[in-house]
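Input: a single structure, listed below in structure tokens.
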Amino acid sequence: MSKSMVKKPLKLNNEKLNWLDFKRLVELVSADLKNYKLFATNPEKFLTELALDLDPYLAKEAVDIYLKKRKLIDNPYLTQVRKLIQPIYNDIAQRVDIANFTAPQFQKWIQRKKKALAWESKEARKILSHFNAPVMFELSQGCSGQCDFCCLDTRVLTETYRYTEDNKKFWREILKVTKEEVGDAASVGACYFATEPLDDPDYEKFIADFYQIFQTFPQTTTVKGVANIKRIKRLMKQLGVEELQKAKLRFSIVSLEQLKAIYQNYTKEELACVELLMNNKESIYPYSDSGRARSFHKDGKNFATAPSVCLIGFLVNLCGKTISLTTPRKPSKAYPLGMEIISSENFSTSEDYREVIRKMIKTYMPLKINKNHQLRFHSGISMKSKGNTVTFLGEKIKQSLSLSAELQTALKKLQNEVYLVNNIFKEKKYSNFLCKSVLNKLQYLYNLGFLEILERKE
């Protein structure tokens, strides 16, 4: 479109600063590349046909910046978006502050895992703030959605955890223990993972208990945006305006037909604080190269090296009564779901659950490493040495350090296998001074996320 067709206004009228219409515009152009091309060709016509009351020039500028097609500059639409979104980020950041963790070493462990992920995946580096949940709960086994793009390759739904008197009591106990052992940081968690939350007929009762314990609702992301309109609207009412404004409800969009149905069944006002995740194949957004989503390679879909999971911590399944310590990993042959399960255990009582959490924190998350720890070098990071210089390599990132021959020997062993630190010292008959020096450097690399502590294998 020529510059003469749309002139930049001197001032944007307040009635043109319409958040609801701008939100709708961004959804439409991100849901389908065809929409973006139509909008880019003739913004005024596109907006008129859809009755979106926006300034064509500034809307086009804002969309291009939003979709990373232009450099960031001051734009009133994006200023308004930031004002609405920043409080959400601030709230999450406050909740996952180290002061809200019962065990500070848990929060430090999460930070190390983020650092390691940043080395593994250049895409993940851009969105590290998205990886925040220290605990998530599953209220079912499997998922009814079976979406083609599912990055977790979920199993078929086989069981749901119902809100019986016994389960209600047990669930509340689990939540209380979680708050005691993890802390208020657990409030950013969710009651779904590789599951569809609304598969459970009693989901709303479970999250009501969550609210009683943490004074906030867990985020709900559902593919059932139009499966039961009345239920969704009851859920909206249950969450309330204040919680909805904290992005506590999201719809996963699987097709353009579903998007159209959502627009037909909800007003713009009802969707004002509901994020629509454009997961349909026509979307301009890439999939994480993991799970079933990989089947779209043949269709020319864009893929990102970042994992899709936002959990760094405990995954708890109530049906199977399992708790797993997990961390995101760059999708690969070794980690096809974009995540690693470090350890997994069963529990039968709330006290069992407490002990497992304590055990995993003690085993895998110490602040200081010592010669009795079993270590491995992070598999997503490689290194090459030349003399006393060692260069660490990730995806489009590197860092060089001057390291002693003794430390290089230790690192080479840790690259090839899991090793007990003391065994390295014994094999090379290091002096006490060298042992202390190497251990200090190993601690430095541990803090960077380059080294991981593993459970000792007898």
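Since every read-out is calculated from the coordinates, none of them should be taken as a lab result. Here the structure is a predicted model, which is why all the values come from computation and not from measurement. Ideal geometry is used to build each Cβ from the backbone, glycine not excepted, and the neighbour counts take in all protein chains shown.
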Q.
For region 374-454, place one equal point scatterer on every Cα, skip the solvent, and apply the Debye formula. What is log10 of I(q)/I(0) at q = 0.12, 0.15, 0.23, 0.27 Å⁻¹?
A. -0.31, -0.49, -1.18, -1.58
Q) What spacing in nm lies between the two simple spin-label points modelled at R376 and D97, each 7 Å away from Cα in the Cβ direction? A) 3.6
Q. Modelled label-to-label distance, N416 and E351, 7 Å Cα→beta-carbon offset: nm?
A. 4.8
Q) Along the positive direction of the dipole of the chain (beta-carbon charges: Lys, Arg +1; Asp, Glu -1; about the Cα centre), which of I361, N372, A194 reaches farthest? A) N372
**Q.** Geometric extent, Cα atoms of region 287-357 - Rg, Dmax (angstrom)
**A.** 15.2, 50
Q. What's log10 of I(q)/I(0) for region 107-220 at q = 0.12, 0.15 Å⁻¹, Debye sum over Cα points only, no solvent?
A. -0.51, -0.77
**Q.** Full-stretch length increase - E269, S431 - with 0.36 nm per residue and alpha-carbon distance subtracted
**A.** 51.3 nm
Q. So what does log10 I(q)/I(0) come out to for the chain at q = 0.09 Å⁻¹, using the Debye formula with one equal point on every Cα and no solvent?
A. -0.68
Q | Where labels lie 7 Å past Cα in the beta-carbon direction, separation of T164 and H130 in nm | A | 3.9
Q.
Given a Förster distance of 22 Å, report the FRET efficiency between A261 and F303 from their Cβ-Cβ distance, rounded to the nearest 0.05.
A. 0.20
Q: Calculate the radius of gyration of the Cα atoms of region 265-398 to one decimal place, then report Dmax, the largest Cα-Cα distance, as a whole number, both in Å.
A: 20.3, 67
Q: Please name whichever of F149, G338, F314 sits farthest to the positive end of the charge dipole of the chain, dipole taken about the Cα centre and charges placed at Cβ: Lys and Arg +1, Asp and Glu -1.
A: G338
(Q) Going Cα to Cα from K34, which aspartates and glutamates come in below 14 Å? Please leave out same-chain ones fewer than 8 positions away. (A) E282
Q: Rounded to the nearest 0.05, what FRET efficiency do R234 and L401 give with R0 = 41 Å and r taken as the Cβ-Cβ distance? Could you check?
A: 0.10
Q: Jot down the radius of gyration and Dmax of region 80-171, Cα atoms only, both in angstrom.
A: 17.7, 47
Q) 222 nm [θ] for the chain, helices only, -39500 (n - 2.57) per DSSP H run of 4+, per residue, to 500? A) -13000 deg cm²/dmol
Q.
Students often get this wrong: which residues of region 406-440 have the backbone nitrogen under 14 Å from the point 7 angstrom along Cα-to-C-beta of N388?
A. 406-408
Q.
Projecting each Cα onto the charge dipole of region 100-364 (Lys/Arg +1, Asp/Glu -1 at the beta carbon, about the Cα centre), which of A118, V177, G291 comes out farthest on the positive side?
A. A118
Q. Relative contact order of the chain: what whole-number percent is it, with Cα pairs under 8 angstrom and at least 6 residues apart?
A. 16
Q: Run down the lysines and flag those whose C-alpha is under 26 Å from the C-alpha of K386, throwing out any fewer than 8 positions away in its chain.
A: K115, K122, K396, K398, K412, K413, K426, K428, K429, K436, K441
Q. Measuring from the lowest to the highest alpha carbon on each principal axis, how far does region 100-364 reach, largest first, in angstroms?
A. 48, 42, 33
Q) Hey, any idea what the orientation-averaged projected area of the convex hull of region 14-83's Cα atoms comes to, in nm²? A) 4.3
